[in-house]
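Working notes, structure below.
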Amino acid sequence: MDAEEPERATVMSLPEWLVLAIIGQQPAHGFAVAQRTAPAGDLGRIWQIPKAVVYRAIGRLLDAGLIVPEGTEPGLGPQRTVYTVTADGRQAADRWLHSPVEHVRQIRSELLLKLALLDRAGENPAGLLAAQRAVLEPIAQAIEARCAVSTGFDSTLLAWRRATAVAALDFLDAVTPAESRSL
């Protein structure tokens with residue numbers, strides 16, 4: 001990217017990020033991506049993307065210049081276009097994969113997907129997990145501080161948020177590789 005060119009906005013949906021990351025790990029056609037994100041797919045067991053949404057994401061990624069057609073897959077059925085990431089696409093996918101999520105509620109989907117993709121690539125997730133802990137600890141502390149002064153339904157809601165934040169931190173502890181905990 002030219003130094004004078006404005007940086008492309010990377011405001012994308014979770015399906016777009018996931019499709020980009022999948023294609024970034026291995027060039028693929030839309031049907032192969034849809035199979036991985038279907039209910040029986042390795043990523044679909046975490047979070048499912050309908051086939052139409054996969055193809056819409058591919059169109060948006062093409063328009064953004066983050067993926068390009070690499071060729072077609074030969075076969076008996078209809079030819080399928082195989083896509084690969086561009087240099088910008090690879091950088092964007094890498095940034096996304098290694099960035100913590102902003103909210104506790106995103107751990108169930110987005111963080112688990114990132115961890116699955118990093119595992120598939122053979123990458124140690126310790127950096128992402130440490131960054132995630134750094135995001136979640138202040139959230140948990142703020143919730144804890146508000147619990148002491150809340151009443152009524154606010155107290156109930158904060159109790160739920162506190163429990164989920166504590167569970168998320170426990171989860172991070174459980175999945176952080178042992179050799180990374182003391183660093």
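Quick note: the coordinates plus some simple rules give every number you see, no bench work behind them. Everything numeric here is computed off the predicted structure, so don't read it as measured data. Cβ: placed from backbone, ideal geometry, glycine included. Neighbour counts: every protein chain shown.
With θ set to phi - 60°, apply the Karplus curve 6.51 cos²θ - 1.76 cosθ + 1.60 along region 39-55 and write out the HN-Hα couplings as whole Hz, x wherever there is a Gly or Pro.
So the Karplus estimates, Gly and Pro as x, are x, 8, x, 4, 8, x, 6, 8, 7, 9, 10, x, 3, 4, 6, 4, 5 Hz.
With a Förster radius of 45 Å, plug the Cβ-Cβ distance of VAL149 and ALA121 into 1/(1 + (r/R0)^6) and report the FRET value to the nearest 0.05.
That pair, VAL149 with ALA121, gives E of 0.50.
For the chain, what does the helix formula give at 222 nm: sum of -39500 (n - 2.57) over DSSP H segments with n ≥ 4, over the residue count, nearest 500 deg cm²/dmol?
It lands at -17500 deg cm²/dmol.
Considering amide H positions built from the backbone, and no H for Pro or chain starts, which residues 5 or more places from ALA28, or on another chain, come under 5 Å of its amide H?
Under 5 Å from the amide H of ALA28: TYR83.
Once you have the Cα-Cα distance between PHE31 and GLN141, take 0.36 nm times their residue separation minus that, and quote the gain in nm to one decimal.
The PHE31-GLN141 span can extend by a further 35.2 nm.
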